[in-house]
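The structure appears below as structure tokens.
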Amino acid sequence: MKNIIVILFLSLIWINVKADGGDNTTKGKISGKVTDAATKLPVDYATVTVFIEGKPSPINGVITDPQGNFNIGKLVNGDYQITIDFIGYQKKVIDHVMITDKAPTVLLGNVAITPVPNQLGDVIISAKRPAVENKIDKLVYNPQNDLTVQGGVALDILKKVPMVSVDIDGNVELQGNANIRFLINGKPSSIFGASLADALQSIPASQIKSIEVITSPGAKYDASGTGGIINIILKDSNVQGINGSVNMSAGTRFNNASVNLNAKKGNFGVNAFFSGNEQLNSTTISTLNRNSVDTLGNTTKLYQKGDAAFKRSGYQSGISFDWNVSKKDELTASFGFNHFGNNGGGLTNQDQSEYTAAGALISDVPSVRNSTSNFNANSSDFSLSYKKTFDKKDQELDFLVVSTFGNNKSAYTQTQDYLSGGYPASGSIGSSPGTDKETDISVDYTQPLAKGFTLETGAKAIIENIHSSITTDTLLNDGTFGPDANQTYGFSYQSKIFAYYLSGSFTLFNDFIDGKAGLRYEYTSLNADFPNTHIPSYGILAPSFVLQHKINESESIKFAYSYRLERPDYNGLNPFYNISDAHNISTGNPDLKPELGHNFELGYNINFDKGSTIYFAGFYRYNTDDIQSFTTFYPVLDINGTEYDNVSLTQRYNIGEEKMEGANLYVSVPVTGKFSLRSNMFIADRITSNPGLPTVSGAMYRINLNASYDFGHNLAAEVFGNYRSSQVGIQGKNPAFAFYNIAVRKQFWNKNASIGITAANPFNMYVNQTSTLSASNFSQTSLRQIPLRSFGISLSYKFGKLEFKKDKEDNSNPNIPAEN
């Protein structure tokens, strides 16, 4: 696989060198920045078109980015006319822009466009972004036109994102790696601290603008997360006037609602939102069969079958303020509060029988276990950012403070009654409240040093404090619960990370290659008052680079490398024993070391004239001290003086080495003007090795297909199907997962409102999930029957008027200098 990737990369470069023919006359470039002549603010999404002087047909064109910048390359020598258009502004025409051998690059600088003098009426802007955008350092997924995620949550969108896979429990992998750094609007959030799956199922899909996938993050990003970074961008608005949206959905499994409100006048803007969702009560049927052998050769068979009801709910809220203090100074402040939780409970029938090596029955103990669980988390996030720009293009200073605070509590109860008599009932009640506070302070500076070379540098401090306490009561002989001193304690955990980075963006060989390269140093200091535990401090140097050759305006190839780490989280280190099921116990491992990873990626992207897109990414990853869960069977396990029999103890360890090589292929084809197809295919091979254990190798794959049809009259339908194969682990096999969704949407009121109907797995009541687990002295098979079928209806309404007029009032802010 590695040789194939290298050969493909070299072959594509050779092909394109031959195609270019060494012609240096096609390397001309025109760049500039479009601003509002009245407010001096950048104008994003303005259309910049290139004409040959005197000819009516355009030869090239781009859309300005959020900072108003545009860059048009691959121009031959000649005399050009440039036009700049945006609704609500007068067209700007620049004549006789000359590209020559002596002056191949033309810098137009600030190009001001003038608002039309009259006030416009209601304006409807309709633009359809591609579902997937491939950029030099990330891949962007835009879900705005995905009908099957109506009324869904963030996980429903992630199931459609290239290189991302999601299992039925909400566990997310990026290129087959679950160690992912999740961000919201580019910032950390305490919403992910307590339970990632719960957090991703509490964010309504209607609230998400796009999802960015960064498989090889640069030096500017935190080095945490060997799998990469997933950044969830929430909806906002930066246009003048007042606008917003309301979304509601109701169904047999999920209910969602969200409200967005955006207001901007002059240089001040406010964005606010509130959203909430609820997963209705559903019951999962579970079965477990385990055979184990003790040192005497006796066999124990454990059989469990039960059903458990489960319910989840949550809400998010946030408000942000944007103030352009002057044309070079911008302040942004935001605050968010989030809540989510779940609860469940059920009965489990259990039978434990023991046999001699000869097969004679020693004992047979039937019992019934009654259990409940409850989890609640509240989190708040605050951020303050300051951006300073300078007269020199792209010179910028950024300062950011992010403070997050999480408050969560988990609890459980379990009692076990023995039906045959002779054994006293057993049980326990546990409660674990905790707090998580994190403060991030960062400063970043960008300085263009020469043509085609820009330097970036910055520093960051991350300070996190976690406090947790555990209280456990045990069932006594008189039928009451009393304190269990051996399972009642508290912990404090502090993490300090200090980082500095230096990186550069550059072009090489007459714009043949665009690139970014950098080096990041992070020093980590950990302190925890776990018993008899000392966690050493450590530092890491993390290099990264990405090289891209833009073959033409619609075709590119890139090669990237990054070195990253996965720090053990608090839950992985915490030695607290979870004994909610006395035969299946889990605990943390305070001796965990950070996992280190080398990531290589080769990507190729091409966009065709009729709208088709192909994106290919081959990758190779090599991890050392790989962190994975490992289960050990104990005939008898002593925990702080209490003995438990027939126990599987699950703990995380630094297993050894993991190598993964694979590829992802994304294809989008507009078959006709009304019918389009999208498909995403992922395949990889994972090899895990550890001294003393056999090497494990297994292939995995994921494939999905999205088909949409536009019936006209604002009526559209969509079908989406996804299959995720089973995966071989170090001790067994995780189950495969398949699902399919169907959706229809009707838009009306000039597309300001819509109604949609969705169905998930409509012809299957349950999704069966079978997994296996084994070691030298036990083997186990588990089956879960999970109800996934659902039907729903969703409503959406957008309101507001966009104003493009110049304010009548004079700007009296003394901090804003007068413009000539």
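The values are calculated or read from the model by the stated rules, or taken from the named source; none is laboratory data. What you are looking at is a predicted structure, and each value in this text was computed from that prediction instead of being measured. No Cβ is skipped: glycine too gets one built from the backbone with ideal geometry, and neighbour counts run over all protein chains shown. Heavy atoms of the whole protein, side chains included, go into the accessibility calculation; ligands, DNA and RNA do not. Shrake-Rupley method; radii C 1.70, N 1.55, O 1.52, S 1.80 Å.
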What order, most packed first, do the peptides 317-324, 592-599, 530-537 have when packing is the mean number of other Cβ atoms within 10 Å of each residue?
592-599, 317-324, 530-537
Environment charge of VAL111, counting only residues whose C-beta is closer than 9 Å and scoring Lys/Arg +1, Asp/Glu -1
+2
For the pairs LYS138/LYS220; LYS220/LYS460; LYS160/LYS516; LYS160/LYS409; LYS209/LYS387, flag any whose C-alpha to C-alpha distance is greater than 21 Å.
LYS160/LYS516; LYS160/LYS409; LYS209/LYS387
What share of all Cα pairs of the stretch 495-548, in percent, falls into each consecutive 5 Å distance bin?
5, 16, 18, 13, 12, 10, 8, 7, 5, 3, 2, 1, 0
Probe 1.4 Å, protein heavy atoms only - accessible area per residue of the chain in square angstrom:
46 Å²
Rounded to whole Hz and in sequence order, give me ³J(HN,Hα) for the stretch 337-345 from the Karplus expression 6.51 cos²θ - 1.76 cosθ + 1.60, θ = phi - 60°, writing x for Gly and Pro.
10, 9, 9, 8, x, 8, 8, x, x
Pulled fully out, how much extra length does the chain show between LYS91 and PHE481, if you take 0.36 nm times their separation in residues and subtract their Cα-Cα distance?
132.5 nm
Note, ³J(HN,Hα) from phi for the stretch 577-587, Karplus 6.51, -1.76, 1.60, rounded to Hz, x at Gly and Pro:
8, 8, 10, 5, 10, 5, 9, 9, 10, 10, 7
Hz values of 3J(HN,Hα) by residue in the stretch 690-701 - Karplus curve (6.51, -1.76, 1.60), Gly and Pro given as x:
7, x, x, 10, x, 5, 10, 9, x, 8, 9, 8
At a 10 angstrom cut-off on C-beta neighbours, averaged per residue, how do the peptides 242-252, 705-715 rank from highest to lowest?
242-252, 705-715
The stretch 297-368 shape via C-alpha gyration tensor axes, a/c threshold 1.5:
prolate
Two decimals, Cα atoms only, Kirkwood Rh: what is Rg/Rh over the stretch 357-496?
1.35
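Using a 1.4 Å probe on the protein chains only, how many percent of the accessible area of the chain belongs to carbon and sulfur?
57 percent
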Just to compare against my own numbers: the Cα pair-distance distribution for the stretch 320-440, 5 Å bins, whole % per bin, please.
2, 8, 12, 10, 9, 8, 8, 7, 6, 6, 5, 5, 4, 3, 3, 2, 1, 0
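Sort the following peptides by mean Cβ neighbour count (other Cβ atoms within 10 Å, averaged over residues), highest first: 607-614, 150-157, 509-516.
Ranked from most to least packed, the peptides come out as 150-157, 509-516, 607-614.
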Between the modelled labels at SER774 and LEU795 (7 Å from Cα along Cα→Cβ) the distance in nm is 5.6 nm
Equivalent-ellipsoid semi-axes of the stretch 233-320, from the Cα gyration tensor, Å, largest first
53, 16, 7
Angle, helix 2-20 long axis vs. longest principal axis of the chain, Cα atoms, 0 to 90°, nearest 10?
10 degrees
Taking only protein heavy atoms and a 1.4 Å probe, the highest-to-lowest accessible-area order of SER468, SER697 is SER697, SER468
Amide hydrogen neighbours beyond the local backbone of ALA112, cut-off 5 Å, H modeled
THR35
Mind listing the long-range amide H neighbours of SER426? Cut-off is under 5 Å, sequence gap 5 or more, other chains count too, H placed in the peptide plane at 1.01 Å from N.
GLN416
Relative contact order %, the chain, counting alpha carbon pairs below 8 Å whose residues are six or more apart
10 percent
How long is the gain from ASP101 to ASP394 if the chain were fully straight, where each residue apart is worth 0.36 nm and the alpha carbon distance is subtracted?
102.9 nm
Treat each spin label as a single point 7 Å out from the Cα along the C-beta direction, and report the ALA250 to SER697 distance in nm.
5.6 nm
